Amino acid sequence: MRVLISGGAGFVASHLADRWIADGHDVIAVDNLITGRRANIAHLLENPAFTYIQQDICDPLQIDGRLDGVFHMASPASPFDYLAHPIETMLVNSVGTKRMLDLARAQNARYLLASTSECYGDPLEHPQRETYWGNVNPIGPRAVYDEAKRFAEAMTMSYHREYGVDTKIVRIFNTYGPRMKLDDGRVVPAFLDQALNGRPITIFGDGSQTRSFCYVSDLVDGLTRLILSEEHEPVNIGNPTELTILEFAEVIQKLVGSSCAIERQPLPKDDPKQRKPDITKAKERLGWEPGVSLADGLAATVEFFRAQQAVAG
Ligand code: UDP
């Protein structure tokens, strides 16, 4: 197959590119590098199966030749990044989503939207099933991401219903692994950076809020199965092992062998109190479930961050 990956130089999308090239496909990655990094795809640039186009997908995009699939992965995704780029986040998920849908329609290609567990907002149902409509503040700071992704889902379903585009929607829960940016503000790189460098671990609020962390290769396998499936309604992909942020800080302290202090900081506005995917649908319809333990995934992530720090000197 020949697939386009928007946001192809990002954390998840670059791993997806690796997987599809390893499986024998051709990949075109498009990225404007607002939050993506050339370093994530540097090892692919000389590969004849890989093409890189540096541009904003909100602008008209010229693709020569056929396409069999479009993975729409482009968007700032960490709270730190989308709050730093609020308008770009809304545009890439609205204008950019329309452009990617038009491309898939013109090419008669499969299409996958990378949506998010943030569609559930601060969820009142726990764990979250795909049937839950969410509890989102439409004018809060996180709305630039949450509402933009909800719009993107609605637009995607409209193209499916109106034009018969072969669309899929994945709701991605917290994911971690090599190639996350140490300074992107998310809890996994933040705690690892702090623990590795002997700085206090910053817990926002009382640390009783929960998250469930999925290793990136498991997510990429879920995305691959989903785009090849006939499932048009949203599917959760995430790891259901749930931890409080305080418990997660303890895991990181043990892993890095550090006894660094804990520093409390205010809880960001609208920070979800709990999050855990119900993955029954992914299991039943895609035969998917996560296989990488938190211990193994974090060990690989630590190795990556240590190597990065060694290079940075
Ligand atoms: N968090 C924290 N300290 C940090 C960064 C994040 O306590 O330095 C908390 C944050 O308040 C949230 C959870 O960790 O409850 C996950 O945050 P992240 O930014 O990784 O992603 P989110 O799930 O909120 O999108």
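Couple of notes before you dig in:
- The set of residues from region 220-234 being more than 30 Å from residue 249 (Cβ to Cβ) and assigned to a helix (DSSP H, G or I) comprises 224, 225, 226, 227.
- Looking at 115, 94, just one residue is within 15 Å of the ligand (Cβ to nearest atom) and either closer than 19 Å to residue 4 by Cβ or under 17 Å from the mean Cα position of the chain (by Cα) (or both), and that residue is 115.
- Residues that are among the polar types (S, T, N, Q) and under 19 Å from the mean Cα position of the chain (by Cα) were ranked within region 202-231; the one that is nearest to residue 114 (Cα to Cα) is 224.
- Enumeration of residues in region 175-203 that are in a helix (DSSP H, G or I), near the ligand (Cβ under 8 Å from one of its atoms) and closer than 23 Å to residue 218 by Cα: 187, 188, 190, 191
- Among the candidates 57, 53, 28, residue that is touching a helix residue (DSSP H, G or I) at 6+ places or on another chain (Cβ under 8 Å) and either more than 19 Å from residue 178 (Cα to Cα) or not in a strand (DSSP E or B) (or both): 57
- Test result for residue 253, in a helix (DSSP H, G or I) and either among the charged types (D, E, K, R) or more than 24 Å from residue 210 (Cβ to Cβ) (or both): no
- Check on residue 221, in contact with a strand residue (DSSP E or B) (Cβ under 8 Å, 6 or more places away or on another chain) and touching a residue at least 24 places away in the same chain (Cβ under 8 Å): no
- Subset of region 280-313 (residues that are of a type in the set (Gly, Ala, Ser), within 21 Å of residue 242 (Cα to Cα) and not in a loop (DSSP other than H, G, I, E, B)): 282, 295, 297, 299, 300
- Scanning region 204-219 for residues being buried (at least 22 other Cβ atoms within 10 Å of the Cβ) and in a helix (DSSP H, G or I) gives a total of 2.
- Just one residue in the set 31, 23, 64 is loosely packed, with under 15 Cβ neighbours inside 10 Å and modelled with pLDDT of 95 or more; that residue is 23.
- Test result for residue 282, touching a strand residue (DSSP E or B) at 6+ places or on another chain (Cβ under 9 Å) and within 16 Å of the ligand (Cβ to nearest atom): no
- Residue within region 93-108 that is in contact with a helix residue (DSSP H, G or I) (Cβ under 9 Å, 6 or more places away or on another chain), hydrophobic (A, V, I, L, M, F, W, C), without any contact (Cβ under 8 Å) to a residue 40 or more places away in the chain and assigned to a helix (DSSP H, G or I) present: no
- Residue 247, sole failed condition from (1) under 19 Å from the mean Cα position of the chain (by Cα); (2) within 16 Å of the ligand (Cβ to nearest atom); (3) closer than 19 Å to residue 194 by Cα: (1)
- Subset tally (residues that are part of a loop (DSSP other than H, G, I, E, B) and either free of Cβ contacts under 8 Å to residues at least 24 places away in the same chain or out of contact with any strand residue (DSSP E or B) (no Cβ under 8 Å at 6 or more places or on another chain) (or both)) for region 109-130: 3
The values are calculated or read from the model by the stated rules, or taken from the named source; none is laboratory data. Note that the structure is a prediction, hence the values are computed from the model and not measured. All Cβ positions, even for glycine, are placed from backbone atoms using ideal geometry, and neighbour counts span all protein chains on display.
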